[in-house]
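Here the structure is laid out as structure tokens; the discussion comes afterwards.
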Ligand code: HEM
């Protein structure tokens with residue numbers, strides 16, 4: 001704290017021995033949380049607030065027909081953040097496989113996510129220096145985004161009825 | 001005269017600060033929180049976490065305002081939302097903000113997760129920050145999902161129904177899951193009560209303290225940032241190792257430095 005208020009220290013002090021243990025002890029270029037980071041945070045938050053307010057008026061939050069449990073023609077549609085799971089179901093057709101596609105695999109994926117800090121044994125931090133983890137991570141993101149797009153295309157091109165049915 | 005008054009007011013201010021500090025420690029705490037060192041170079045990348053926090057706070061605030069009008073019964077839920085959209089003061093704004101901020105939140109929280117993943121911020125000692133984060137993203141997703149159903153319109157209701165049906169295929173506990181989500185064997189008034197309890201009480205009650213833990217851990221270990229925040233120190237480390245490889249020099253405490261490959265550099 002003292003270092004910040006009385007001027008930032010040098011990245012490497014005169015005579016300091018940088019070791020594996022202390023290399024991450026402080027940043028090359030530190031700033032006080034206030035005002036440095038606070039200003040950046042407030043800028044982004046203000047921008048987000050503006051977007052949200054504009055969208056609230058420009059594209060009103062949807063409200064479709066009141067719920068009708070007796071309908072036989074309504075075609076349910078997932079929210080965009082579940083598009084991926086919806087698409088995923090196509091690869092696991094039939095009642096027997098639903099659990100595999102939408103419960104077991106996502107469940108295992110969550111366990112995998114929780115375990116990442118212990119699975120990634122590479123000592124390096126930079127994505128370029130731990131290519132295995134980075135490539136696997138980017139592949140997972142690509143698969144998720146691609147499947148979301150596939151689901152979106154399928155839903156947009158669906159001709160078997162209207163969601164408002 | 002003016003100078004004397006100003007000095008007196010300053011004096012009162014100082015006395016009040018001292019009084020508060022002695023009783024609550026608030027002044028030193030604020031100072032500690034405000035002046036903590038953070039990395040300067042990538043500051044825009046590190047706004048993703050605070051943007052997530054901002055949007056969640058917005059969700060809590062607009063959600064509370066929606067509760068002034070929303071009625072969680074099957075007969076009135078849809079009508080109350082219709083009323084909010086067409087009659088209530090600023091209803092369209094508040095509901096629109098709640099809706100759009102929820103969608104942005106899911107996007108921003110995903111970006112925050114990808115950022116911390118790519119910069120390896122989950123490595124020791126920040127593992128638990130990541131673990132808590134995974135629970136946060138799960139809870140936020142279920143909150144968004146249950147929020148849709150609260151509208152009690154065709155879109156929201158059937159999405160919930162399908163979700164509940166799919167989760168009923170969960171091995172071993174499937175039937176319990178579906179009865180819990182629907183509040184019985186089939187959808188009905190109890191379903192809306194369940195969704196309401198989840199969205200408005202249970203999930204926020206879990207989410208809020210978990211966010212507190214996430215932020216506490218963040219402050220405890222400090223923001224790691226990414227390795228480019230330490231490039232000059234890493235360069236000094238590399239240089240020292242090269243020197244040792246070439247000249248076999250010794251470290252301060254007389255031990256031969258290990259130039260092996262268990263470096264943490266990135
Ligand atoms: C309610 C949701 C969340 C809130 C409010 C939140 C808030 C924050 C904030 C303010 C920071 C510091 C700034 C930054 O590094 O961006 C942070 C850091 C962090 N968050 Fe989150 N976060 C949330 C969800 C998550 C999720 C889903 C994950 C990952 C699974 C995660 C993992 C981390 C990690 C590992 C750090 C430390 C980053 C570092 O030290 O470089 N957080 N979080």
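The values are calculated or read from the model by the stated rules, or taken from the named source; none is laboratory data. Computed from a prediction, not measured in an experiment: that's the story for all the values here. Note: ideal-geometry Cβ built from the backbone for every residue, glycine included; neighbour counts use all protein chains shown.
Tabulated data for the structure shown
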{"read-out": "Evaluation of residue B:43 against (1) touching a strand residue (DSSP E or B) at 6+ places or on another chain (Cβ under 8 Å); (2) outside any loop (DSSP other than H, G, I, E, B) (one fails), failing number", "value": "(2)"}
{"read-out": "Options B:101, B:193: the member that is within 7 Å of another protein chain (Cβ to nearest Cβ), more than 30 Å from residue A:115 (Cβ to Cβ), touching a residue at least 40 places away in the same chain (Cβ under 8 Å) and not in a loop (DSSP other than H, G, I, E, B)", "value": "B:101"}
{"read-out": "Hey, residue B:162 facing chain A (nearest Cβ under 7 Å), part of a helix (DSSP H, G or I) and either under 15 Å from the mean Cα position of the chain (by Cα) or in contact (Cβ under 8 Å) with a residue 40 or more places away in the chain (or both) or not", "value": "no"}
{"read-out": "Single unsatisfied condition, residue A:145 versus (1) within 7 Å of another protein chain (Cβ to nearest Cβ); (2) at pLDDT 90 or above", "value": "(1)"}
{"read-out": "Residue match in the range B:202-223 (condition: outside any helix (DSSP H, G or I), within 16 Å of the ligand (Cβ to nearest atom) and either within 11 Å of chain A (Cβ to nearest Cβ) or at pLDDT 95 or above (or both))", "value": "yes"}
{"read-out": "Residue list for the range A:89-104, restricted to those being more than 7 Å from chain B (Cβ to nearest Cβ) and closer than 16 Å to residue B:159 by Cβ", "value": "A:89"}
{"read-out": "Qualifying residue in the range B:227-249 (condition: surrounded by 11 or more Cβ atoms within 10 Å (Cβ to Cβ), more than 14 Å from chain A (Cβ to nearest Cβ), at pLDDT below 95 and part of a helix (DSSP H, G or I))", "value": "yes"}
{"read-out": "Unmet criterion (only one of (1) surrounded by 20 or more Cβ atoms within 10 Å (Cβ to Cβ); (2) farther than 27 Å from residue B:85 by Cα; (3) in contact with a strand residue (DSSP E or B) (Cβ under 8 Å, 6 or more places away or on another chain)) for residue B:222", "value": "(1)"}
{"read-out": "Which listed residue, of B:60, B:54, is at pLDDT 95 or above, more than 30 Å from residue A:27 (Cα to Cα), within 16 Å of the ligand (Cβ to nearest atom) and in a helix (DSSP H, G or I)", "value": "B:60"}
{"read-out": "Hey, residue B:107 away from the ligand (no atom under 13 Å from the Cβ) and either surrounded by fewer than 21 Cβ atoms within 10 Å (Cβ to Cβ) or farther than 30 Å from residue A:122 by Cα (or both) or not", "value": "no"}
{"read-out": "Matching residues, the range B:33-80, being without any contact (Cβ under 8 Å) to a residue 24 or more places away in the chain and more than 7 Å from chain A (Cβ to nearest Cβ)", "value": "B:57, B:61, B:64, B:68, B:69, B:71, B:75, B:76, B:79, B:80"}
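Per-residue answers, yes or no, for (1) farther than 30 Å from residue A:131 by Cα; (2) near the ligand (Cβ under 10 Å from one of its atoms); (3) surrounded by fewer than 19 Cβ atoms within 10 Å (Cβ to Cβ); (4) at pLDDT 95 or above:
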site: B:76; (1), (2), (3), (4): yes, no, yes, yes
site: B:87; (1), (2), (3), (4): yes, no, yes, yes
site: B:91; (1), (2), (3), (4): yes, no, no, yes
site: B:101; (1), (2), (3), (4): yes, no, no, yes
site: B:111; (1), (2), (3), (4): no, yes, yes, yes
site: B:121; (1), (2), (3), (4): no, yes, no, yes
site: B:126; (1), (2), (3), (4): no, yes, no, yes
site: B:146; (1), (2), (3), (4): yes, no, no, yes
